[in-house]
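The values are calculated or read from the model by the stated rules, or taken from the named source; none is laboratory data. Please read all numbers here as calculations on a predicted model, not as lab measurements. All Cβ positions, glycine included, derive from the backbone under ideal geometry; neighbour counts span all protein chains shown. Accessible surface is based on the protein model in full, side chains and every heavy atom, while ligands, DNA and RNA are left aside. Shrake-Rupley method; radii C 1.70, N 1.55, O 1.52, S 1.80 Å.
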Amino acid sequence: MVADVRLHVVLHEPEIAANTGAIGRTCVAVGARLWLVRPLGFHLDERSLRRAGLDYWEHLDYRVVDRLQDAALAIGPDRLWSFSTKGQVAHTEAAFAPGDGLVFGPESRGLPPSWLGERPGRTLRIPMRPEARSLNLANAASIAVYECIRQIGFE
């Protein structure tokens, strides 16, 4: 387990580089580790990062893994909170702790039903009106990260 990190953000198969970049910037701002689970919908080579204007990427603590379970094993499966429009518990009702991980699915389809089915008590939603359907991934991650930081404190 990774005990030296205050907060983990896990992106399962992210598809849009701009969203991942915005989430990476949020992680830098709060000192969170970003986990990227392959396949990625974009490249992480230096040229691609520079073209995307991700000049802060060198300050980002990130890991790239092949499976969601790889991140879960490293962080601790009981430390993960999944975010989904299918969640029954509002994100503000969770009791976050230092070292927890916030898990988000790909922009087009969200987290796999099998993943959510294995941890129904750890699946959270961000309340919104039904007309909205869902939030942009970067916005949802920012909302979740800052609620977690509000609870555990900013270092």
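Summary table
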| read-out | value |
| --- | --- |
| Selected residue (criterion: surrounded by the fewest Cβ atoms within 10 Å (Cβ to Cβ)) from residues of the stretch 89-126 that are among the acidic types (Asp, Glu) and closer than 16 Å to Asp78 by Cα | Glu118 |
| Residue among Arg79, Arg67 that is surrounded by 15 or more Cβ atoms within 10 Å (Cβ to Cβ) and among the charged types (D, E, K, R) | Arg79 |
| Near pairs, Cβ below 7 angstrom, 6+ apart or cross-chain, from the stretch 115-128 (farther than 11 Å from Ser84 by Cα) to any residue that is open to solvent by 60 Å² or more (accessible area, probe 1.4 Å) | Met128/Leu135 |
| Among (1) in a helix (DSSP H, G or I); (2) open to solvent by less than 20 Å² (accessible area, probe 1.4 Å), the one test that Leu36 misses | (1) |
| Residue that is nearest to Leu7 (Cα to Cα), among those in the stretch 88-97 that are modelled with pLDDT of 95 or more, more than 15 Å from the chain's Cα centre (by Cα) and not in a strand (DSSP E or B) | Ala97 |
| Count of the stretch 127-155 residues which are surrounded by 14 or more Cβ atoms within 10 Å (Cβ to Cβ) and part of a helix (DSSP H, G or I) | 15 |
| Some residue of the stretch 40-60 being part of a strand (DSSP E or B) and either farther than 21 Å from Ile149 by Cβ or of a type in the set (A, V, I, L, M) (or both) | no |
| Of the criteria (1) under 19 Å from Ala97 (Cα atoms); (2) in contact with a helix residue (DSSP H, G or I) (Cβ under 9 Å, 6 or more places away or on another chain), which one Gly41 fails | (1) |
| Tabulated pairs, the stretch 4-16, first within 16 Å of Asn136 (Cα to Cα) and open to solvent by 10 Å² or more (accessible area, probe 1.4 Å), second of a type in the set (Lys, Arg) and outside any strand (DSSP E or B), C-beta under 9 angstrom, 6+ apart or interchain | Glu13/Arg38; Glu13/Arg109 |
| Single condition Asp4 does not satisfy, out of (1) part of a loop (DSSP other than H, G, I, E, B); (2) touching a helix residue (DSSP H, G or I) at 6+ places or on another chain (Cβ under 8 Å) | (2) |
